[in-house]
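Throughout, read-outs are computed from the coordinates displayed, never taken from laboratory work. These numbers were taken from a predicted model, which means no experiment stands behind them. All Cβ positions, glycine included, derive from the backbone under ideal geometry; neighbour counts span all protein chains shown.
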Protein chains: 2
Amino acid sequence: MKKKFDLSLYLVLDANLCMTPDGMVETTRKAIDGGCTIVQLRAPEWKKKKVLEAARKLKALLEPEGIPLIINDHIDVALLSKADGLHVGQDDISPTDARALLGNKAVIGLSIGSGEEMREADPEADYFGIGPVYATQTKKDAGAAVGIEGLKELCAMTEKPCVAIGGINRSNAFKCVEAGADGVAVVSAICGADDPEAAAAAILQEADLAKRS
Amino acid sequence: MKKKFDLSLYLVLDANLCMTPDGMVETTRKAIDGGCTIVQLRAPEWKKKKVLEAARKLKALLEPEGIPLIINDHIDVALLSKADGLHVGQDDISPTDARALLGNKAVIGLSIGSGEEMREADPEADYFGIGPVYATQTKKDAGAAVGIEGLKELCAMTEKPCVAIGGINRSNAFKCVEAGADGVAVVSAICGADDPEAAAAAILQEADLAKRS
């Protein structure tokens, strides 16, 4: 059976902001205390040895908490670290190819930035990362911002769970969930916060408020 | 049984010089006609979708010729393209971790640039890529050149097959094999040649001459 996952507050660990594998572990520990529900390791700038070290340390932290670990791009790292899933972009290995290596239990996410990408989305994707909702500095190859209206349209096109990503923080998380997202993916508003636990808790509160409204 | 491999003339395909997956296929086709014995796909600049496309096209070309395809760094691409092996550097996933995913048949190569690295070399490596022998422009993160004397010392430290790499061309291939290497790995002297077939044939002739001398 596929691992259950909750997209409410999706922490995306940034290699530059966290700097080291131990820095990622530290940020994640605090974000968990703040209520984050799923964690992605994203470090395109790092060599694989360092990425694998981070993945194994994060898995050891997250497994007892029952929080899924998702690896960005690298299926080999996902397999070796026994991560719960993979997140891929449009120019990465496809969800169908990834599924062949990772099996049915793996949670596979796909980045979506337009109606065309949503219509042609690989059926093996389990959830969609929709964005960037707002312009962002943390992902240099991200496409044009889709905005809240774009997010609403894209979420309405699918039955699968969707997480909003790109420039999301405490001030706009409510609007993203109100627009139809099942949760918000946050990078710098947690990884770059002075108090990642408080930041996570505040963003989660906004998302929860929107779900109940 | 592990696939047999011959390091005599090891073509390392360069993403920037070949530009596209089809460019890699074209260069490889010519290099095979010139006698190349093993091929590595190395494209750290490319996104994985493009790397996988190149790997599958190269495998379709090389399989009928009985020439092994080695993938640099990406175990996921090696698995999906049914490549014959993997080449890793010191900062990549270790040969032991790679073996766990690729199995016993896979040919695994490891880059070595010093006596310390050779002494501590992962026992799961099947061959060593020793260098850079000369300074090179094609691999920006390569260490200091070991020179012909360094190559000789490193080859003498192991019973495993060694291939010399880094700035190798027609004019110095003989010296590399004379120093103890089982073959030469060539990047720009083939990928950047006007006539890759003639370049490959000329370099292979030098290597063969040194083996017989």
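Structural remarks
- GluC sites (Glu not before Pro) lying in DSSP loop within region B:11-75, provided at most 12 other Cβ fall within 10 Å: B:E45
- Think of region B:1-137 as a dipole: +1 on every Lys or Arg Cβ, -1 on every Asp or Glu Cβ, centred on the Cα centre; then among B:G115, B:I38, B:A55, B:A55 lies furthest on the positive end.
- Helices in the protein assembly as shown, meaning DSSP H runs of at least 4 residues, each add -39500 (n - 2.57). Divided by all residues, the mean residue ellipticity at 222 nm is -11500 deg cm²/dmol.
- Amide H contacts of B:I38 (H built 1.01 Å from N, under 5 Å, at least 5 apart or other chain): B:L9, B:L11
- Rounded to 5, percent antiparallel among DSSP beta bridges of region B:84-182: 0 percent
- Dipole moment magnitude, nearest 20 debye, region B:88-213 about Cα centre, only Lys, Arg, Asp, Glu C-beta charged: 240 debye
- Chain A residue nearest the axis that carries A onto B, by Cβ, with distance in whole Å, is A:D76, 2.
- With label points defined 7 Å past Cα in the direction of Cβ, position A:N16 shows copy-to-copy spacings of 2.1 nm, given to one decimal and shortest first.
- Note on region A:132-191: dipole from Cβ charges, positive end direction compared against A:C176, A:I165, A:T136; the farthest Cα belongs to A:T136.
- Cα-Cα pairs of region B:9-212 separated by more than 32 Å (percent): 8 percent
- For region A:9-212, share of DSSP beta bridges that run antiparallel, in % to the nearest 5: 0 percent
- Fewest-first sequence of A:L62, A:L52 by Cβ atoms within 10 Å of each Cβ: A:L62, A:L52
- Springs between Cα atoms under 10 Å define the GNM used for chain A, and in it the highest mean-square fluctuation of A:L41, A:L79, A:L58 occurs at A:L79.
- Listed by Cβ neighbour count within 10 Å, with the fewest neighbours leading, B:T37, A:T136 appear as A:T136, B:T37.
- Choice from B:S171, B:S81, B:S114 with maximal GNM fluctuation in chain B (Cα, 10 Å cutoff): B:S171
- Placing a label point 7 Å from Cα along the Cα-to-Cβ axis, A:K160 is separated from the same position in the other copies by 4.0 nm, shortest listed first.
- Taking other C-beta atoms within 10 angstrom as a stand-in for reagent exposure, A:C36, B:C155 fall in the order B:C155, A:C36, fewest first.
- Looking at region B:91-142, the GluC sites (Glu not before Pro) that sit in a DSSP loop and have at most 16 other Cβ atoms within 10 Å of their own Cβ are B:E120.
- Comparing mean-square fluctuations of B:P44, B:P161, B:P21 from a GNM of chain B with C-alpha springs under 10 Å, the top value falls on B:P44.
- In nanometres and ascending order, the distances from the B:A198 label point to those of the other copies are 7.2 (point 7 Å from Cα along Cα→Cβ).
- Summarising the amide proton neighbourhood of A:G85: residues at separation of 5 or more, or on other chains, whose placed amide H is nearer than 5 Å comprise A:L69, A:I71, A:V107.
- Shown in residue order for region A:51-65 are the 3J(HN,Hα) couplings computed by the Karplus curve 6.51 cos²θ - 1.76 cosθ + 1.60 at θ = phi - 60°: 4, 5, 4, 4, 4, 5, 5, 5, 4, 4, 6, 7, 3, x, 8 Hz (x for Gly and Pro).
- If you wrap the protein assembly as shown in the convex hull of its Cα atoms and look at it from every side, the mean projected area works out to 21.1 nm².
- Charges were assigned to the Cβ only: +1 to each Lys and Arg, -1 to each Asp and Glu. The resulting dipole of chain A about its Cα centre is roughly 480 debye.
- Trypsin sites (Lys or Arg not before Pro) within region B:43-148, DSSP loop, no more than 10 other Cβ atoms inside 10 Å: B:K105, B:K140
- Basic side chains Lys and Arg get +1 at the Cβ, acidic Asp and Glu get -1 at the Cβ, and with that the dipole of the protein assembly as shown about its Cα centre reaches some 540 debye.
- Amide H contacts under 5 Å for B:V133, placed H, 5+ residues apart: B:V146, B:I165, B:G166
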